[in-house]
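Worksheet for the structure shown next.
The values are calculated or read from the model by the stated rules, or taken from the named source; none is laboratory data. Not measured: the values here are computed from a predicted model. In this analysis, Cβ positions are derived from the backbone assuming ideal geometry, glycine residues included, and neighbour counts consider all displayed protein chains.
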């Protein structure tokens, strides 16, 4: 269900005509992106279940991070992110992109600064230090 929500947000790009921001504008808008966790850190982190989001990216965030070359070429992509929940409830993520020549990986990592989790899962257990897997779709109107 959470993944479907992300797909709906990405689909909102269909109504946008403003091209994506430059890398410099993105850096200023999204701020510092946490360092990606290592494969070892991800392997050691327990997968969190029953979690909820306190904050998610909005459609304008998706437009802002969309790689310009991909936007101009009307290329779409799917990025899988594996993330560790940080103490401030933001996520630090690695990214795997199905269109690596367009650098959707960096776009998704920039977007990750907008993902903020609620502190406890449905069972009342802290999500800090746990792992979550996210799917992010970058789609244009078709």
Quiz item: If the Cβ limit is 9 Å and pairs must be 6+ apart or interchain, which residue in the range 63-80 that is on the phi > 0 side of the Ramachandran plot pairs with which residue that is assigned to a loop (DSSP other than H, G, I, E, B) and modelled with pLDDT under 90?
Solution: 74/140; 74/142
Practice problem: Say whether the condition of being surrounded by 19 or more Cβ atoms within 10 Å (Cβ to Cβ) and out of contact with any strand residue (DSSP E or B) (no Cβ under 7 Å at 6 or more places or on another chain) is met by at least one residue in the range 127-135. | Solution: no
Quiz item: Would you pick out the residues in the range 16-35 that are under 28 Å from residue 129 (Cβ atoms), in a loop (DSSP other than H, G, I, E, B) and out of contact with any helix residue (DSSP H, G or I) (no Cβ under 7 Å at 6 or more places or on another chain)?
Solution: 32, 34, 35
Practice problem: Could you please give the count of residues in the range 44-73 that are in a loop (DSSP other than H, G, I, E, B) and either surrounded by 12 or more Cβ atoms within 10 Å (Cβ to Cβ) or in contact with a helix residue (DSSP H, G or I) (Cβ under 7 Å, 6 or more places away or on another chain) (or both)? | Solution: 10
Quiz item: Taking the range 95-132 as the region of interest, how many residues are under 10 Å from the mean Cα position of the chain (by Cα) and not in a helix (DSSP H, G or I)?
Solution: 2
